[in-house]
DNA sequence: CACTTGACCTGTCCGC
DNA sequence: TGCGGACAGGTCAAGT
């Protein structure tokens, strides 16, 4: 579920909602979701104060004043939902996908000293949340290899071309999904950016004209920014820190639009399978580049 | 090494 | 209605 725009939306919400709060207790029911020792939890989490919320790629980092951090990945179905003491237990915002919390999918509950709570829910249990020394985060294998942030200014068209060059024999969609090439793109925004650029997802990188790759760079930045502006994409599970859905999919041109007419040419959007993932394309507008 | 495929889980939807 | 199978937005490990 959550790709860069969704995690960024959650991050901005939590930044407003939990920075400065003190953790009173934590409750977790599934070892894989929160694989820390009780000793570490007691020593570095309980009674700690939240100093900062950050995002890198699709990973959300909550820094504590103990020089430890809660590092979380929402994977496919994870949610981080905040409830103030007034809303807790008494329902939810009008457009929320979740009701009373904790619910069946709640894996971790954090109680703050002011009575508010943060819930980590994850239906499919792929996600995780772990307590780590803040300065060790950068040593995690994922952070060692992860590529540039597409919304930072060092992500130029030249930078993208250079990173794509290492993977010139792969299908372009597989490369966009590879977090070591570029951080934060997932299935939704790969499909959208390739459609916007007129590139067939099965094209090998080496066969796509340079001019199209330069367009692709701009379209990646545009689609991610547009999605952040609409609070991300809610397909099935995604909600932000206050339980709200995102509205980007109302602007999507191909994702989940199979059988509907392409807005450019009126041909039906079709769904195929690329790199093991459901992939949405317009076969007329997206050229399969082969020299 | 570059690249692709299967595994991790639960829930839902679709066809018989 | 019931049941089996395919599929779902991400990442690793293990395979070719």
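General remarks:
- Criterion: in contact (Cβ under 8 Å) with a residue 40 or more places away in the chain, over 27 Å from residue A:156 (Cβ atoms), surrounded by fewer than 21 Cβ atoms within 10 Å (Cβ to Cβ) and out of contact with any strand residue (DSSP E or B) (no Cβ under 7 Å at 6 or more places or on another chain) - qualifying residue of A:235, A:240: A:235
- Test set (1) without any contact (Cβ under 8 Å) to a residue 60 or more places away in the chain; (2) surrounded by 15 or more Cβ atoms within 10 Å (Cβ to Cβ); (3) more than 18 Å from residue A:281 (Cβ to Cβ) - residue A:153 fails condition number: (2)
- Among the residues of region A:268-291, those that are part of a loop (DSSP other than H, G, I, E, B) and more than 21 Å from residue A:185 (Cβ to Cβ) comprise A:283, A:284, A:290, A:291.
- Counting only residues that are touching a strand residue (DSSP E or B) at 6+ places or on another chain (Cβ under 8 Å) and either under 18 Å from residue A:60 (Cβ atoms) or at pLDDT 95 or above (or both), region A:141-171 holds 4 of them.
- All positions within region A:22-68 that are outside any loop (DSSP other than H, G, I, E, B) and within 16 Å of DNA strand C (Cβ to nearest atom): A:54, A:55, A:56, A:59, A:60, A:61
- Residues in region A:113-137 that are surrounded by 22 or more Cβ atoms within 10 Å (Cβ to Cβ) and under 16 Å from residue A:51 (Cα atoms): A:118, A:131.
- Which numbered condition residue A:84 fails, given (1) away from DNA strand B (no atom under 16 Å from the Cβ); (2) at pLDDT 95 or above: (2)
- Taking the criterion of being outside any loop (DSSP other than H, G, I, E, B), exposed (fewer than 15 other Cβ atoms within 10 Å of the Cβ) and touching a residue at least 12 places away in the same chain (Cβ under 8 Å), the only residue of region A:245-267 that qualifies is A:250.
- Residue ID - farthest from the chain's Cα centre (by Cα), chosen from residues in region A:72-86 that are assigned to a loop (DSSP other than H, G, I, E, B) and within 16 Å of DNA strand C (Cβ to nearest atom): A:77
- Selection over region A:108-153 of residues that are within 16 Å of DNA strand C (Cβ to nearest atom) and in a helix (DSSP H, G or I) gives a count of 9.
The values are calculated or read from the model by the stated rules, or taken from the named source; none is laboratory data. Quick caveat: nothing in here was measured; it's all calculated off a predicted structure. All Cβ positions, even for glycine, are placed from backbone atoms using ideal geometry, and neighbour counts span all protein chains on display.
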